[in-house]
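Before any comments, here is the structure.
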Amino acid sequence: MVPKRIAFLGFDGVAVSTLTGPADVFAAAILDGGYGNRISCYQICVIGFSAQCFRAESGMIFTPEDTLDTVSELDTIIVPSGSGLLRSVVSERIADCILIHANRTRRIIAIGTGIYGLAPTGLLDGREVTTHWLCQRCDATFPESTC
């Protein structure tokens, strides 16, 4: 069995819990290969706008394994939440990436405010979606990364 490749999109202002929590859940999915072997169901990666590191809301710094422009075939793209998505430059860049990969990716997931990266694609047209009741779209300023 070849593990399915899942990419989490990383960006300045990502909420760490919506990136690492789901990544841990997918990483825990394993099959018993017999004779004590364990087979991973998923290969997890973090991709960014560039190869440069990005800073989460909490201040933690992440280095992406690949970029939006160079990542190879993916089974799933996950857009985590975070205040960075309130910046139109971030949500529009994510939307552009999703549109490039949508026809060759089996599923696309948005967590919480990650919906703001998915909504501009038009892929949600005619569908009901839900995000946090307190969140509203604005062009908030998030401090640029100092990685």
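Residues that are surrounded by fewer than 20 Cβ atoms within 10 Å (Cβ to Cβ), closer than 19 Å to PHE26 by Cβ, at pLDDT 90 or above and not hydrophobic (A, V, I, L, M, F, W, C) occur at least once in region 61-73. For ALA56, state whether it is closer than 30 Å to GLU92 by Cβ, under 11 Å from the mean Cα position of the chain (by Cα) and either in contact (Cβ under 8 Å) with a residue 12 or more places away in the chain or loosely packed, with under 15 Cβ neighbours inside 10 Å (or both). No: the conditions fail for ALA56. Remark: VAL79 matches the filter, which requires a residue to be aliphatic (A, V, I, L, M) and in contact with a strand residue (DSSP E or B) (Cβ under 6 Å, 6 or more places away or on another chain). The residues of region 16-47 that are in a helix (DSSP H, G or I) and acidic (Asp, Glu) amount to a single one, ASP24.
Here is the figure for region 1-43: residues that are surrounded by fewer than 19 Cβ atoms within 10 Å (Cβ to Cβ) and in contact with a helix residue (DSSP H, G or I) (Cβ under 6 Å, 6 or more places away or on another chain) total 1. Selection within region 121-147: residues that are more than 16 Å from LEU9 (Cα to Cα) and at pLDDT 80 or above. The member of this set that is most open to solvent (accessible area, probe 1.4 Å) is GLU128.
The values are calculated or read from the model by the stated rules, or taken from the named source; none is laboratory data. Since the structure is predicted, the reported quantities are computational estimates derived from the model, not experimental observations. Neighbour counts run over all protein chains shown; Cβ positions are idealised from the backbone, glycine included. When the accessible area is computed, the model is the full protein with side chains, heavy atoms only, and any ligands, DNA or RNA have been set aside. Shrake-Rupley method; radii C 1.70, N 1.55, O 1.52, S 1.80 Å.
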